[in-house]
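Structure first, commentary second.
Read-outs: derived from the displayed coordinates by stated rules, not from any lab. No experiment lies behind these values; they were computed from the predicted model shown. Neighbour counts run over all protein chains shown; Cβ positions are idealised from the backbone, glycine included.
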């Protein structure tokens, strides 16, 4: 199987995964016991103090169903969904905020999510792996155990608690940061960019702390495992220094799985960090997904999930195509 | 890492401290002086399409539009429960005996925020647009199903005809509680758009109220209103001068974040914070106040009450003894203390106990409740419930100075509720063959387990969530196998509307009688809103009568009410008769008034509506907010 | 699989593959201080949480049994919470439920991931491609929105057991991929080729040569999945997507947060389950790395 064949097969797999995932996505919200039309009618009714008569409601229901695109059998809706999403990248209008297009909502929210999570993920990865590498290589030293202990303590704390603690510490007890962000309106000026950055520090801190502990532990474990490899022992016998051995042998080999993990994490960014966004009032796509799920807003859910699927699948594709470049052992298969 | 870190830390810290100092000093985060800005928490959190301000479609209604932006013909005085004219000139003239034709006059001298005058042309245009595009708009059903015809008489007079007789024309063409069905559009802005009206965003809106939108957050977290220079010429300028120059609606997030922000004086009025959080906040910041300094601390005069609704059309809820047994097996005192710190006002009638409704319903029906007897002569009503609650609160360690005494006990805690008597409940159930099995739970006569599904809100309504959780536990302790289900908003709605899914739920929509005009809420108790017990199909969703009332006697009484003027004594009497049937049959189990746990912060503004200064309800999202805005005073800080 | 979002799937260091499979009758090589401490913690918590409930004075999940918000005393070791429950006894039941869930999920995930990963990695070809297709699809579908959607179903009509099933469904894919890549690299090793040339067939090779290698990983992975399951259940519960009437570590935290325990000063209610979770994790982690170290010692590397 030549290189071209390998690549072709991998890309075929990519599209197959996309198709299946998108199809499953179509079905899932329909399983929810929520009907988007009902939700809106309920709201109107309560605002009207239940004065709408059955005929009026029936008419409204008809209207909403055709406006939302919910008419026709499930199969017909599935076909039109596939057609819209795959060929036109159009997710249609949101139900809750009709006729606001879903793409607009996502386009507004994604830059926030990406900015925050990209930065936080990379920082947590860099920091955690650096610390883990050192701790792993020098695992017999006391400092290494202490670092490992830090990781142990941070990791199992439920994220919500961690975030709230961070919030209370740095926005209330020592009010350095604002409790809830107020992002300025208008053109992107330096002032505005600074405000955005400043208001993102706190949620970023919470995310970094959460991922940090994990990265320390896993990198340390990997580093230990790798330092047992015979080529590392050989290097020691050869007379290389600790630093050289640590960086050129252990690090580069332990790096592979960690890079895989990083790439996949980046894909997972589009999950949004729901809890972070809720606690820090951050306008990302996690919040949008949560609201959409509880209100039964199918189109928004499809849009948000589809974006996430694309990102993760693409990340996996990129990893698989570049992995052979990084690990020569895998090259011949 | 450490050396680099310390180099960065100092200037970074300095920068951040400087920025935060600016934010917390004299200016708000949006650049207005704090002493001139009233900051309130939004009622519905964050919105995802904040630039949509066209009232023909769904928009963020509770972002200040209802109180500050639009204006209506008649508004509701929340302190007295009576309507008053806002843009209208007096009350409508009824033109025929059937109460279908009305003549409405509006006040001259009302101007839109861009200087054009508000005339009947705007009204005509709004109604016509709604009818013309009714199948493309999502927010107009309320009035296209109400009006039959309309005619302009002159610039300030309009005559309308309704499809059905409308004795409550003032509240349907104006406001009952939450808002009006009809929002008047500026013809001079919308008409040139032609068909584009349907998708027009209207995000720099021309408004009738005394405030205009200065700025809003494209991410949907906040909206800033600024007082118009010519506020006297606005729709409700005749109420008085609105005191805050700026009003900021902002979403401060979850309760954890909100409580911290409130203690730091970052905003002035909250919406629905839990009682224990309010107490803790008060301990940290004495500027935080509740509606009243004594129990139950919060205003209990919301138009609606909370209650348990049963699906009276299916087994086993169609068994009267079961419903009564559930009422007698609920330890409401304990549940109220667990879920609400004891700060609640119970009611046994399906109407909340308020100063407006008490003289009409609760006071005259005291004897009925005291004398109510079940099959074996048992009297279920406990008119000492309030006394016992006070005693229990004392035993739990509440400061006696905060508890009411003497007559104050009835004012605070109502007239009473049902007795907590699981033994009697067991007797009642035994009389229909329901007995406890080996596992301690009740079983049906044929031996099959009796499992009751109880759906209650999840995080979106924290207090109901706690109430539901504790109620399910209380019933389980009495022997009922109650499966509590926490549901999201959408599912809660769908569940309530679908006969095949619905068993028991806790809600408020069947108990929203604000004054003697009970038809405004109970008009839905008609055969039109009764569906087959197994209906699940999409076009068989229930859109009213969620209490599943199927009693003919009630239907007749409701119909009779349609032909009586709302302020006639017969109307109140009919209302009482309906309630007697509902209570005797226990078609639903009313619990309590909705506690309006709205704390205020008096650091920057004072004069909020309180128990001893009761000019309006404390809501920031109703008619009451207009009165608040006109009555508060800046402290000058 | 490091993941900065709030729930992390499990991942563990691949055990360095060395010489031939282990043969052991004597277990003394297992013990080292790390492992000893870890096992002790686990034993105390495990046995304690299963035995103590026999002595409980009342069903701790009933509300209103005691006066609310009492401070710690002889009668209530950790005080009572805002629901009128005894915090200590509730915690004991919670640890039991969380541990049970963790073990059940770990068994499920380990079996599925190992079977799928080993067979895919070793057999290869069309079978592997098909299996990886399924695995990748499961990995690709974003977890959180699906959980939110499923949350409606979980909360509604299913039992606590179903929460475990859902965690299994979303947990096996990661491990399967890792096991597969291990099997992939093992496949090319010398001793495998030797076994193949000696005439062993595929199942024999998988079972007798490859499997013992991955045993160490599986054991360690097992423990990690317990942790993952407990954490995920707690995370789900905190968002409110689990069955919160059942006492688990997650539901304690959920109600403590709901009643704003941090702000109102009822710290014990919130801190006790966190300390329990951290201790449990320490126990599991020490055990896991202890085994890891023990296997490494056995192989003679350190």
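Counting every alpha-carbon pair across segment B:142-254, the share separated by more than 23 Å comes to 50%.
Can you bin segment B:28-89 into rounded, prolate or oblate? Criterion: square roots of the alpha carbon gyration tensor eigenvalues sorted a ≥ b ≥ c, rounded for a/c under 1.5, prolate for a/b above b/c, oblate for the rest. Judged from the Cα gyration tensor, segment B:28-89 comes out oblate (a/c at least 1.5, b/c at or above a/b).
Convex hull volume of the Cα atoms of chain A, normalised per residue: 194 Å³. Over the Cα atoms of segment A:1-99, the radius of gyration divided by the Kirkwood radius equals 1.19; this is the Rg/Rh ratio. Only alpha carbons enter this Debye calculation for segment B:324-384, each as an equal point scatterer, and the log10 of I(q)/I(0) it gives at q = 0.21, 0.22, 0.30 Å⁻¹ is -1.01, -1.07, -1.24. Compute the Cα gyration tensor for segment B:185-238, then decide on rounded, prolate or oblate, letting a ≥ b ≥ c be the square roots of its eigenvalues: rounded whenever a/c is under 1.5, prolate when a/b is larger than b/c in the other cases, and oblate in all that remain. It comes out oblate by the Cα gyration axes. Please list, in order, the residues from segment B:195-229 whose amide nitrogen is less than 20 Å from a point placed 7 Å along the Cα→Cβ vector of residue B:107. Once the point is set 7 Å along Cα→Cβ of residue B:107, B:207-212, B:227-229 turn out to lie under 20 Å by backbone N, inside segment B:195-229. Result for chain A in a Gaussian network model with C-alpha springs under 10 Å: among A:26, A:212, A:174, the largest mean-square fluctuation is at A:174. Distance from the alpha carbon centroid of segment B:270-331 to that of segment B:612-634 works out to 23 angstrom.
Measuring spread by the Cα atoms of the protein assembly as shown yields a radius of gyration and Dmax of 32.7, 109 Å. Centre-to-centre, using Cα atoms only, segment B:546-581 and segment A:96-166 are separated by 61 Å. Remark: the residue A:90-residue A:142 segment gains 13.0 nm on full extension, using 0.36 nm per residue and subtracting the alpha carbon distance.
Normalised by the residues of chain B, what does the relative contact order come to in percent, with Cα pairs under 8 Å and at least six apart?
Answer for chain B is 19 percent.
If you average the sequence gap of Cα pairs under 8 Å that are 6 or more apart and divide by the length of segment B:73-198, what percent do you get for the contact order?
Relative contact order, segment B:73-198: 28 percent.
Run the Debye formula on the Cα coordinates of segment B:73-198, all scatterers equal and no solvent, and tell me log10 I(q)/I(0) at q = 0.17 1/Å. Each listed q maps to, in turn, -0.93. Here each label is just a point 7 Å from Cα along the line to Cβ, and for residue A:185 and residue A:323 those points are 5.0 nm apart.
Here the calculated FRET efficiency for residue B:135 and residue B:535, from their Cβ-Cβ distance with R0 = 22 Å, stands at 0.30, rounded to the nearest 0.05.
For residue C:43 and residue B:483, the FRET efficiency from 1/(1 + (r/R0)^6), where r spans their Cβ atoms and R0 equals 51 Å, is about 0.90. Taking chain A as a Gaussian network of alpha-carbon nodes connected by springs under 10 Å, the highest mean-square fluctuation of the residues A:27, A:106, A:217 belongs to A:27. P(r) tail for chain B: Cα pairs beyond 40 Å make up 34% of the total.
Residues within the reach of a label modelled at residue B:637 (point 7 angstrom out along Cα to beta-carbon, backbone nitrogen below 20 Å), restricted to segment B:578-621, are B:598-610.
Look at the alpha carbon pairs under 8 Å that are at least 6 residues apart: their mean separation over the length of segment B:305-593 gives a relative contact order of 31 percent. Taking label positions 7 Å along the Cα-Cβ direction at both residue B:238 and residue B:84, the computed distance is 1.1 nm, reported to one decimal.
Note on segment B:305-593: Cα-only Rg and Dmax are 18.7, 57 Å.
Taking the Cβ-Cβ separation of residue A:114 and residue B:191 as r and a Förster radius of 45 Å, what is the calculated FRET efficiency to the nearest 0.05?
On the way: r = 43 Å, r/R0 = 0.95.
Rounded to the nearest 0.05, the efficiency is 0.60.
If you bin every alpha carbon distance in segment B:286-349 into 10 Å steps from zero, what whole percent lands in each bin? Computed distribution, short to long bins: 16, 39, 27, 13, 5, 1. Springs join every pair of Cα atoms under 10 Å in this Gaussian network model of chain A, and among A:313, A:181, A:109 the largest mean-square fluctuation is at A:181. Computed extension gain for residue A:259 through residue A:194, at 0.36 nm per residue and net of the alpha carbon distance, reaches 20.3 nm.
Each label was represented as a point 7 Å from its Cα along the Cα-to-Cβ direction; for residue B:318 and residue A:23 these points are 4.4 nm apart. Shape class for segment A:104-297: prolate, because the ratio a/c of the largest to smallest gyration tensor axis (alpha-carbon atoms, square roots of eigenvalues) is 1.5 or more and a/b beats b/c.
So what's the back-of-envelope 222 nm ellipticity for chain B, counting only DSSP H runs of four-plus at -39500 (n - 2.57) apiece and dividing by all residues, rounded to 500?
For chain B, the value works out to -8500 deg cm²/dmol.
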